[in-house]
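Here is the structure we will look at, set down as structure tokens.
The values are calculated or read from the model by the stated rules, or taken from the named source; none is laboratory data. Values in this document were obtained by computation on a predicted structure and should not be read as measured data. As a convention, Cβ positions derive from the backbone with ideal geometry for all residues, glycine included, and neighbour counts pool all protein chains shown. Protein only, heavy atoms only, side chains kept; ligands, DNA and RNA dropped before computing areas. Shrake-Rupley method; radii C 1.70, N 1.55, O 1.52, S 1.80 Å.
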Amino acid sequence: MVNSPHNTAPPSPSEDFELILDKGRLSATQIRVVFISFLLMILDGFDITSMSFTAQRISTELNIDATNLGVIFSVTLAGMMLGAMFIAPIADKIGRRKMLIISVLVIGISMTLTGFVSTLWELIILRTITGLGVGSMLANITALTTEYTPTKYRSFGVAIVASGFPLGATLGGIIVVPTLPVYGWEGVFIGLGIITSIMTVVVYFLVPESLQFLRTIGTDNALLKTNALLRKMNKQQVSSFPVKSTNILPKASVMSLLASPLRAKTIRLWLTFLLVFVSMYFLMSWLPKLVINSGLSESSGVLSAVALNGGGVVGTLLLGWFAANFGLTKLVGIFLTVAGSLLLLFGVLFEYLNLFLLLFVIGFFLQGAYVGLYSTSAKLYPTEVRATGIGWALGLGRFGAVIGPYVGGVFIASGFSMQLNFLIFSVPLLIAAMLAWGLKIR
């Protein structure tokens, strides 16, 4: 039963603070936080992949060769890595909401300015800035969603939000096809930049600060803000914040992630992310090329990427739903095992199954597991270091986003077939599956 808007129940004891959001129905505020985060993820999926959709036009009109286009792709991923590792953790000090506003504004401005570039260096600088903003934003959206979602539905909430990224990448391809001939590549970036900038205003007015972050501040003013938010959500108020444990973690930093209570699981999580990124970004980067090299048409190459991402959208949602009732890392381990096994058996299955169906299923399990790792990192770390923990897991994982495509390019240049490449890149996923099983987080 939802408390009435005029709830006059006395404030709950401080020790019940963690359970407050688990009681009653989801409030409009909680739903709004998840929905806006989902919209931001869709935009960022489009923002990051916009370069691949417009690369041919930009290459021709700005006279940029393939090698330098590769540099542009790389600096965007490098920016995401650095943003997740070094900018996102600032949110553990200044708050999720402030960091999110700054990140979205930076992405919007840099995307808009990208539509006016005329040189390679301008493009490199602006795509790096966009990557920094996205890397920071992804970690903080995950933290904020986690801290506004009841425990039972937390993994599902994170999965809904994270599914926006592949959905944005998929929708982006559909939107760009009719837009590019009319407005050019400049129009794509300017339009995306303006829409993203508008989302800064939406976040400013409609996204509240994390209750868990306010708890870590612990001041009387933070308590007033917390109770104001709880009243708005028709939740019982608190008389005080919980007294901090004497065995607290070091101040939010990477060293706090490697303190004795978290060290073993942190290292295991980092390795799991790294290995998953190796295989996932190999597929995302080279799948169309591999399909074309195997003798199929260019349109089949595009459809193969759509099938992989489409399966990813469905997989992320279903893993989140299942995780509400089953062990989270157990499901991640199962999903990675199936994805790795399908890649391993691809050469055999390719002869008997429809290619696009097979890629859809691989995307389902691979990207489902990847988003499960988002939820895992959010659940592993306490509020005080959550943004730092998620940021470093995503950031270090992105080394795999560099390794996978590079090694895949070497193999393709050496004449390795699609089937042989899939066999090789199944190995990181199967190792990651074993690591995920050992995390043991529900």
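Over 18 Å, how big is the tail of the calculated P(r) for the range 110-158, in percent of all Cα pairs?
50
DSSP loop trypsin sites (Lys or Arg not before Pro) in the range 324-389 with at most 15 other Cβ atoms within 10 Å of their Cβ, which ones?
Hits after loop and neighbour filter: nothing returned.
Using alpha carbons only, how many angstrom separate the centre of the range 307-361 from the centre of the range 216-242?
42
Compute the distance in nm between two label points, each set 7 Å from the Cα along the Cα-to-Cβ direction, one at Val407 and one at Leu206.
Those two pseudo-labels are separated by 4.2 nm.
Any idea how far the Cα center of the range 362-408 sits from the one of the range 177-212, in Å?
24
Using only the alpha carbon atoms of the range 157-224, find the Kirkwood hydrodynamic radius as the inverse mean reciprocal pair distance, in angstroms to one decimal.
15.3
Ranked highest first by average number of other Cβ atoms within 10 Å, how do 271-279, 421-429, 174-182, 336-344 line up?
Highest mean packing first, the order is 271-279, 336-344, 421-429, 174-182.
With all protein chains present, how much of the accessible area of the range 328-383 (probe radius 1.4 Å) comes from carbon and sulfur, to the nearest whole percent?
73
Kindly provide the Kirkwood hydrodynamic radius of the range 344-388 in Å, to one decimal, from all pairs of distinct alpha carbon atoms.
Roughly 12.7 Å, rounded to one decimal.
Kirkwood-based Rg over Rh for the range 94-182 (C-alpha set), two decimals?
Here Rg/Rh amounts to 1.06.
Any chance you could tell me what percent of the C-alpha pair distances in the chain go past 32 Å?
37
State the Kirkwood hydrodynamic radius of the range 350-442 in Å, one decimal place, computed from all pairs of distinct Cα atoms.
About 15.5 Å, per the Kirkwood formula over Cα pairs.
List the lysines whose Cα sits under 24 Å from the Cα of Lys265, skipping any in the same chain fewer than 8 residues away.
Candidates past the 8-residue exclusion: Lys93, Lys152, Lys244, Lys251, Lys330, Lys379, Lys440.
As an exercise, identify the chymotrypsin sites (Phe, Trp or Tyr not before Pro) in the range 40-130 lying in DSSP coil whose Cβ has no more than 13 other Cβ atoms within 10 Å.
Passing sites in the range 40-130 are Phe116.
Could you give the accessible area per residue of the chain, probe 1.4 Å, as a whole number in Å²?
In whole numbers, the chain has 42 Å² accessible per residue.
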